[in-house]
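The values are calculated or read from the model by the stated rules, or taken from the named source; none is laboratory data. If you're wondering where the values come from, they're calculated on a predicted model, not measured in any experiment. Using ideal geometry, Cβ is built from the backbone for each residue, glycine included, and neighbour counts are taken over all protein chains shown.
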Amino acid sequence: MRKDFWIRLTAGGLYCEPGDFFIDPWCPVERALITHAHSDHVRKGCKSYFTAEQNILLLRHRLGSASIEGLPWGVRKNVNGVEVSFHPSGHIRGAAQIRLAYRGEVCVITGDYKRHPDPTTTCFEPLRAHVLISESTFGLPMYRWSEPVHVIEEIGRWWATCRAEGKNAILFVYSLGKAQRLLATLPPIGPVYVYDSIAAVNQLYEREGVSLLPWQPLSKWWNKKERYFTPCSSCCSAVQVAI
Ligand SMILES: [Zn+2]
């Protein structure tokens with residue numbers, strides 16, 4: 001990054017000097033602009049949070065009573081002379097690229113993003129910029145992904161096989177984003193039970209009108225042999241269920 005550029009990397013993360021705000025800061029700060037609600041992008045304890053309007057419900061779920069201001073997609077707001085706007089990144093519901101304009105120069109910070117269609121959120125919006133700060137861990141050439149339609153078909157076949165053999169079918173997924181994308185994409189082939197952490201997020205998505213497969217909290221149906229969704233961090237418990 002240019003040395004005289006008006007955004008710089010600091011010990012607290014990306015900092016916009018003229019606007020006096022951080023983007024997805026790594027520690028509590030006065031003013032934080034947030035791309036999306038995944039825990040590695042949100043730090044508790046900031047004095048105020050500024051994000052896309054579509055992200056408010058999820059951010060509130062993570063931050064409780066914190067001061068959160070939202071802006072509709074594409075609406076521009078002046079923050080200390082820096083023009084700020086949020087644009088869909090397609091990553092999870094409410095996930096935004098942040099567009100900053102200052103003295104005729106435009107910088108876009110993508111946050112996490114994906115270009116595949118996803119019924120749970122608004123599609124990725126291509127933006128023009130002089131400077132692009134991108135985040136693409138899984139964009140490395142070593143990662144090769146199948147088309148989503150093929151993945152869904154594969155899951156459906158696997159689940160049908162499990163059911164025919166009288167086995168539990170367990171999917172490990174991120175509790176925010178991936179679980180809901182699957183529940184919005186899979187065909188209705190059987191009962192679905194989810195961990196409580198996923199259930200809580202499901203309710204938020206449904207409150208915003210996202211249509212998911214019918215689901216029930218796993219805690220109520222622990223001994224049923226059906227299809228389960230569990231968060232990645234629950235591997236140990238989930239394996240016990242499978243046995
Ligand atoms: Zn993310």
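A few comments on the model shown:
- Unique residue being surrounded by 13 or more Cβ atoms within 10 Å (Cβ to Cβ) and away from the ligand (no atom under 16 Å from the Cβ) when the list is Gly81, Gly45, Gly70: Gly70
- Test: residue in segment 90-111 that is of a type in the set (Val, Ile, Thr), over 27 Å from Arg2 (Cβ atoms) and touching a residue at least 60 places away in the same chain (Cβ under 8 Å): yes
- Taken together, the criteria place Glu147 among residues that are away from the ligand (no atom under 16 Å from the Cβ), modelled with pLDDT under 95 and under 24 Å from Gln97 (Cβ atoms).
- Residue tally, condition under 18 Å from the mean Cα position of the chain (by Cα) and not acidic (Asp, Glu), over segment 134-149: 6
- Qualifying residue in segment 117-134 (condition: touching a Cys at 6+ places or on another chain (Cβ under 8 Å) and touching a residue at least 40 places away in the same chain (Cβ under 8 Å)): yes
Residue by residue, here is whether (1) in a helix (DSSP H, G or I); (2) buried (at least 18 other Cβ atoms within 10 Å of the Cβ) holds:
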{"residue": "Glu153", "(1), (2)": "yes, no"}
{"residue": "Gly166", "(1), (2)": "no, no"}
{"residue": "Ala179", "(1), (2)": "yes, yes"}
{"residue": "Tyr193", "(1), (2)": "no, yes"}
{"residue": "Val201", "(1), (2)": "yes, yes"}
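- Cys123 being in a loop (DSSP other than H, G, I, E, B), more than 16 Å from the ligand (Cβ to nearest atom) and outside the structural domain of Pro187 (by TED's automatic domain parsing): yes
- Residue check, Ala96 within 16 Å of the chain's Cα centre (by Cα) and within 13 Å of the ligand (Cβ to nearest atom): yes
- Given (1) closer than 29 Å to Tyr113 by Cα; (2) not in a loop (DSSP other than H, G, I, E, B), number of the condition Pro214 does not satisfy: (2)
- Scanning segment 13-42 for residues that are surrounded by fewer than 15 Cβ atoms within 10 Å (Cβ to Cβ) and at pLDDT 95 or above yields Glu17, Pro18, Asp20, Trp26, Cys27, Pro28, Glu30.
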